[in-house]
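Beneath this line is the structure, given in structure tokens, with notes to follow.
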Amino acid sequence: VQLQASGGGLVQAGGSLRISCVASGRTFRRYFMGWFRQGPGKEREFVAAISSNGVSTYYRDSVKGRFTISRANAENTVYLQMDSLKPDDTAVYYCASRNTPVHTTIPYGYDDWGQGTQVTVSS
């Protein structure tokens, strides 16, 4: 599946941003979807994931209560609503799809990746 992320930008600390990821193809509703991020000089890390039917969601501890992942299967789109942003959230954010319907935080567990969208949070 091909993934296209968008919606990144520059925001002040405490602000909000919603990024989106549109998938190609008719089988989007079967995929487990995740968001990862990679900050300057850092390894890619798990941010959030959502099951194929949207019932189950998963978050890294540092974003719990601030970020919300959701999906619209009819639109082949997964979203990441980011509130109360902090400078530490600055990174390139990537969406990814996983064929296996089991949660993992390991990047290599995902099969296809979007190109990434830059999120910069100023202090």
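Cβ-Cβ distance below 9 Å, separation of 6 or more or different chains: which pairs start in the range 64-75 with a residue that is farther than 20 Å from Arg29 by Cβ and end on one that is in a helix (DSSP H, G or I) and open to solvent by less than 40 Å² (accessible area, probe 1.4 Å)?
From the range 64-75, the pairs are Arg66/Asp89; Phe67/Asp89.
Among the listed residues Ser52, Ser24, which satisfies the condition of being of a type in the set (Gly, Ala, Ser), over 15 Å from the mean Cα position of the chain (by Cα) and closer than 24 Å to Tyr108 by Cβ?
Ser24
Return the residues of the range 97-123 that are outside any helix (DSSP H, G or I), closer than 18 Å to Gly41 by Cα and in contact with a Phe, Trp or Tyr (Cβ under 7 Å, 6 or more places away or on another chain); say none if nothing qualifies.
Correct list: Gly116, Thr117, Val119.
Of the residues that make up the range 53-60, is at least one among the β-branched types (Val, Ile, Thr) and either closer than 22 Å to Ser122 by Cα or crowded, with 20+ Cβ neighbours inside 10 Å (or both)?
Checked the range 53-60: no residue is among the β-branched types (Val, Ile, Thr) and either closer than 22 Å to Ser122 by Cα or crowded, with 20+ Cβ neighbours inside 10 Å (or both).
I need the full set of residues from the range 35-52 which are farther than 18 Å from Trp113 by Cβ and either β-branched (Val, Ile, Thr) or open to solvent by less than 60 Å² (accessible area, probe 1.4 Å) (or both), in order please.
Ser51
What are the pairs with Cβ atoms under 6 angstrom where one residue, in the range 99-123, is of a type in the set (D, E, K, R) and the other, located anywhere, is in a loop (DSSP other than H, G, I, E, B) and surrounded by 15 or more Cβ atoms within 10 Å (Cβ to Cβ)? Sequence gap at least six, or different chains.
Every condition considered, the pairs that remain are Asp112/Val1.
Can you give me the number of residues within the range 3-21 that are in a loop (DSSP other than H, G, I, E, B), within 15 Å of the chain's Cα centre (by Cα) and surrounded by fewer than 17 Cβ atoms within 10 Å (Cβ to Cβ)?
Going through the range 3-21 one residue at a time, the tally reaches 2.
For the range 77-123: of the residues being touching a helix residue (DSSP H, G or I) at 6+ places or on another chain (Cβ under 8 Å) and aliphatic (A, V, I, L, M), which is nearest to Ala23 (Cα to Cα)?
So, considering only residues that are touching a helix residue (DSSP H, G or I) at 6+ places or on another chain (Cβ under 8 Å) and aliphatic (A, V, I, L, M), the one nearest to Ala23 (Cα to Cα) is Ala96.
Looking only at the range 44-96, which residues are of a type in the set (Gly, Ala, Ser), part of a loop (DSSP other than H, G, I, E, B) and either touching a Cys at 6+ places or on another chain (Cβ under 8 Å) or more than 19 Å from Gly9 (Cα to Cα) (or both)?
Ser51, Ser52, Gly54, Ser56, Gly65
The values are calculated or read from the model by the stated rules, or taken from the named source; none is laboratory data. All values reported here derive from a predicted model rather than from experimental measurement. No Cβ is skipped: glycine too gets one built from the backbone with ideal geometry, and neighbour counts run over all protein chains shown. Only protein heavy atoms, including side chains, enter the accessible area calculation; ligands, DNA and RNA are left aside. Shrake-Rupley method; radii C 1.70, N 1.55, O 1.52, S 1.80 Å.
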